[in-house]
Amino acid sequence: MDPDTSKKVKDLLGLMEGISSDIDIKAELEKIISRIQTLEDRVTDLAQRIDRIDKVHREKQEIVKALRKELKNLFPSGS
């Protein structure tokens with residue numbers, strides 16, 4: 001094979017390797033993006049669950065305060 005043809009073949013093979021590598025990188029990047037999206041969705045769900053738990057906790061604290069006040073009224077100290 002003459003040197004010019006050999007160089008063109010090497011260049012073509014190099015180009016094909018580059019394209020293959022770019023395709024592999026793109027596929028991996030898409031996987032990573034998908035995993036990030038999944039994690040973001042899970043974090044959002046977790047934040048909503050924590051907000052609901054916090055709301056229930058505050059409601060229960062208010063109930064406890066009201067019960068404490070009622071008990072103090074039932075059994076006043078100092079009488």
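The values are calculated or read from the model by the stated rules, or taken from the named source; none is laboratory data. The shown structure was predicted, so the numbers you read here are calculated from the model rather than taken from an experiment. Here Cβ is always computed from backbone atoms with ideal geometry, including for glycine, and neighbour counts include all displayed protein chains. SASA here: full protein model, heavy atoms, side chains in, ligands and nucleic acids out. Shrake-Rupley method; radii C 1.70, N 1.55, O 1.52, S 1.80 Å.
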Which of SER21, SER34, SER6, positive extreme of dipole for the chain (C-beta unit charges): SER34
Radius of gyration, Dmax [the chain; alpha carbons; angstrom]: 33.9, 114
Nearest 10 degrees, 0 to 90: helix 3-74 Cα axis against the chain principal axis: 0 degrees
Surface per residue (accessible, 1.4 Å probe) for the chain, Å²: 98 Å²
Reachable aspartates and glutamates, given that their alpha-carbon falls under 18 Å from the alpha-carbon of LYS55 and they are not under 8 places away in the same chain: ASP45
Of all accessible heavy-atom area on the chain, the percent that carbon and sulfur account for (1.4 Å): 60 percent
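Using R₀ = 35 Å, calculate the FRET efficiency as 1/(1 + (r/R₀)^6) where r is the Cβ-Cβ separation of LYS8 and GLU40; round to 0.05.
0.15
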Only Lys, Arg (+1) and Asp, Glu (-1) charged, at Cβ; the chain dipole about Cα centre in debye: 1060 debye
Straight-distance crosslink candidates among lysines, where the alpha carbon sits under 27 Å from LYS60 and sequence neighbours closer than 8 are dropped: LYS69, LYS72
